[in-house]
Amino acid sequence: MIDRSVPRRVLPAPEPGGAAAGPAALPVRPRTGRLLVLATVFVCAACGLVYELELLALGTYLIGDSVTQASVVLSVMVFAMGVGSLLAKRLRHRPALGFAVIEAGLALLGGLSAIALYASFAWLGESRPALVAFSFAIGMLIGAEIPLLMVLIQRIRRQDAGGAVADLFAADYVGALVGGLAFPFLLLPMLGQLTGAMLTGTVNAVVGGGLVLWLFRHDLSRRCRWLLIAVNLAVLVVLASATVLADDFERVARRAVYGSEVRVAVQTGVQELVLTGPATGSPRSLDLYLDGRLRVSGYDEHRYHEALVHPAMTGPHARVLVLGGGDGLAAREVLRYRDVASVTVVEVDPGVVRLARTDPMLSALNAGVYADPRLAVVNQDAFRWLRGPAANDRFDVIVSDLPDPGITPSTKLYSQEFYGLAARALAPGGRMAVHAGPLATRPRTYWTVDSTLRAAGLRTAPYSAGGRLTGFAAGPDRTPLGGTGEPPRDWGFVLAARDQEPRLQVDRETPALRSLTTGSLQDAARDAERFRMSGLPPSTLPHPRYS
């Protein structure tokens with residue numbers, strides 16, 4: 001039973017800044033002060049999301065597999081935000097100073113995160129530990145922002161906790177929207193990842209430090225004010241210096257990654273293109289990298305493209321569709337047949353086509369195919385193009401010259417739905433050749449491609465790049481197919497047809513080839529069978545099977 005004879009004392013609620021904290025002495029009216037705090041929340045949220053997206057983009061570019069990198073970055077950052085929120089409790093007695101220090105640290109780490117990840121990749125060969133470390137550190141600092149801002153906004157004018165949280169989160173979410181849209185449409189195309197991150201850090205330092213040093217300056221001792229000014233100036237100097245040196249850093253780091261003969265480096269709206277090798281001489285010395293992955297090596301690309309194209313050209317081949325292959329090398333092999341009437345190349349990145357047209361070495365390697373009137377180029381995603389009205393046409397041959405299926409952006413182009421669309425575009429008796437990834441080193445991925453093609457109603461004939469996968473494969477001139485005494489690279493292909501079993505052979509009318517014969521194709525088919533994995537489910541859009 002409650003004794004009501006002694007009235008209870010109602011204790012006043014503690015001030016948000018601590019037991020001794022009172023209303024802040026502001027240089028402006030409380031209403032203006034609240035708007036300035038909310039504007040700071042808006043800017044800091046935009047900066048925080050830019051850091052997050054920059055880690056995601058650079059992690060995917062350097063490591064690959066965007067699903068895995070997104071999962072790692074997001075889960076680590078969300079966990080770290082919770083840790084940061086708990087640690088912010090220790091700073092509540094000095095919220096202005098704590099917030100200023102956190103923003104300076106966040107500006108420095110976020111601004112330099114891209115350059116640090118790229119440096120780790122270039123000189124250490126591994127950027128995953130740096131990605132996790134920066135995700136955790138940046139997430140922890142972001143998580144500490146809102147609790148301290150909650151204390152600061154309550155110092156200006158007390159209001160119920162629900163209303164204050166609603167105001168802060170509204171500004172935070174709108175800022176995140178602006179940052180999320182600014183990164184892909186403004187920062188990335190105009191400034192690139194390195195400079196964009198450093199500019200974001202500069203804005204973060206100026207806004208966060210400016211709020212505390214002006215609006216809450218009376219909460220700081222003279223010593224703390226000068227200390228914060230010095231810290232923020234040091235952060236701005238470091239970021240400005242890094243911005244000035246960013247181009248030099250990129251050149252040095254690029255040489256560390258690609259070698260000393262980097263001749264062209266272009267960031268398109270889709271990917272980074274890098275060409276290495278001398279500007280004149282033999283095209284065999286040329287290497288083409290897409291997003292850091294070797295896509296074309298001049299010394300042995302003929303093995304890949306001959307094995308990809310010519311088995312599919314056995315039979316009618318008047319109309320040919322090349323999916324991908326913007327470098328023009330698959331089209332080069334197709335156009336060696338004089339009775340080819342038309343070739344349509346569907347390439348998502350116009351930058352690759354532009355480079356293949358204009359670079360003298362790459363143009364020499366593809367034999368200047370873009371000057372051939374029989375060739376037409378469509379700059380569009382292959383999946384979207386096959387769904388569009390242009391796909392009502394029928395093709396005798398389809399050549400799928402796409403990146404490995406393990407690279408996440410390419411996964412939809414190795415799905416049952418995609419192959420169903422491609423099969424619909426085949427003329428009666430038509431054939432499709434598919435680059436299916438490494439056979440010996442990633443057999444599960446390779447045989448999943450085969451299973452997916454069969455699930456789309458196609459009959460398949462698996463094979464590799466025209467030679468045995470163990471030991472040295474000899475071409476018609478009895479020289480090693482690797483060209484330099486090295487074992488040949490691991491390329492796997494699948495020949496598919498809708499109406500009949502595809503036959504692995506080279507047509508008698510095939511132009512002279514350097515590494516491919518009917519005999520080598522049959523050897524390649526027998527080699528493929530040694531790695532067969534049966535019973536694999538097909539890959540679909542809602543359930544991708546590639547890793």
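All of the numbers you see were taken from the coordinates with simple rules; none came from a lab. This one's a predicted model, so the numbers in the text were calculated from it and none came from an experiment. Virtual Cβ from ideal backbone geometry, glycine too; neighbours counted across all protein chains shown.
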* Asked: Which three extents, in whole angstrom, do the alpha-carbon atoms of the range 155-200 cover along their principal axes, largest first?
  -> 43, 18, 9
* Asked: How big is the C-alpha Rg of the range 90-164 next to the rule-of-thumb value 2.2 N^0.38 Å, as a ratio?
  -> 1.45
* Structure fact -> In degrees rounded to 10, the 0-90 angle between helix 128-156 Cα long axis and the longest Cα principal axis of the chain is 30
* Dipole of the chain [Lys/Arg +1, Asp/Glu -1 at C-beta], most positive-end residue of ALA80, THR411, VAL165 -> VAL165
* Extreme residue, positive dipole direction of the chain, given options ALA46, GLY420, ALA256 (C-beta unit charges) -> ALA46
* To do: Divide, for the range 182-241, the radius of gyration over alpha carbons by 2.2 N^0.38 Å, where N is the residue count.
  => 1.37
* Enter the angle in degrees (range 0 to 90, nearest 10) between the Cα long axis of helix 30-63 and the first principal axis of the Cα atoms of the chain, meaning the one along which they spread out most. => 30
* Roughly how many whole Å is it from the C-alpha centroid of the range 226-291 to that of the range 129-163? -> 34
* Asked: Measuring from label point to label point, each 7 Å out along Cα→Cβ, what is the ARG158 to THR518 span in nm?
  -> 9.4
* **From phi via Karplus (6.51, -1.76, 1.60), per-residue ³J(HN,Hα) for the range 433-445 in Hz, x at Gly/Pro** => 9, 10, 6, 10, x, x, 8, 6, 8, 9, x, 4, 4
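Among the DSSP beta bridges whose two residues both lie in the chain, what percent are antiparallel, rounded to the nearest 5? All intermediate terms of the calculation are to be shown ahead of the outcome.
On the way: 26 of 45 bridges.
So the antiparallel bridges amount to about 60 percent of the total.
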* Work out the P(r) tail for the chain: percent of alpha carbon pairs separated by more than 46 Å, whole number. => 31
* Note down the magnitude of the dipole of the range 52-177 about its Cα centre, charges +1 on Lys and Arg C-beta and -1 on Asp and Glu C-beta and zero elsewhere, to the nearest 20 debye. => 640
* Asked: What is the calculated FRET efficiency for VAL132 to THR268, with r their C-beta to C-beta distance and R₀ = 30 Å, to the nearest 0.05?
  -> 0.55
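How large is the charge dipole for the chain, taken about the Cα centre, if only the Cβ atoms of Lys, Arg (+1) and Asp, Glu (-1) carry charge, to the nearest 20 debye?
Result for the chain is approximately 1680 debye, rounded to the nearest 20.
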* Asked: Tell me, what is the FRET efficiency for ARG532 and ALA318 to the nearest 0.05, using R0 = 45 angstrom and their Cβ-Cβ distance as r?
  -> 0.85
* Under 5 Å between amide H atoms, partner at least 5 residues away or on a different chain: which partners does GLY492 have, H built in plane at 1.01 Å? -> ALA436, GLY437, LEU439
* To do: Please give the calculated 222 nm ellipticity per residue for the chain, where each DSSP H segment of at least 4 residues contributes -39500 (n - 2.57) and the sum is spread over every residue; nearest 500 deg cm²/dmol?
  => -16000 deg cm²/dmol
* Structure fact -> Amide H contacts under 5 Å for ALA24, restricted to residues at least 5 apart in sequence or on another chain and with H modeled in the peptide plane, are ILE156
* To do: Please determine, in degrees from 0 to 90 and to the nearest 10, the orientation of helix 161-182 with respect to the longest principal axis defined by the Cα atoms of the chain, where the helix direction is its Cα long axis.
  => 30
* Rounded to whole Hz and in sequence order, give me ³J(HN,Hα) for the range 312-325 from the Karplus expression 6.51 cos²θ - 1.76 cosθ + 1.60, θ = phi - 60°, writing x for Gly and Pro. => 6, 7, 7, x, x, 8, 5, 10, 10, 10, 10, 9, x, x
* Asked: If you plug each phi of the range 184-198 into the Karplus form 6.51 cos²θ - 1.76 cosθ + 1.60 with θ = phi - 60°, what whole-Hz ³J(HN,Hα) values come out, in order, with x for Gly and Pro?
  -> x, 9, 10, 5, 5, x, 8, 10, x, 5, 5, 5, x, 5, 6
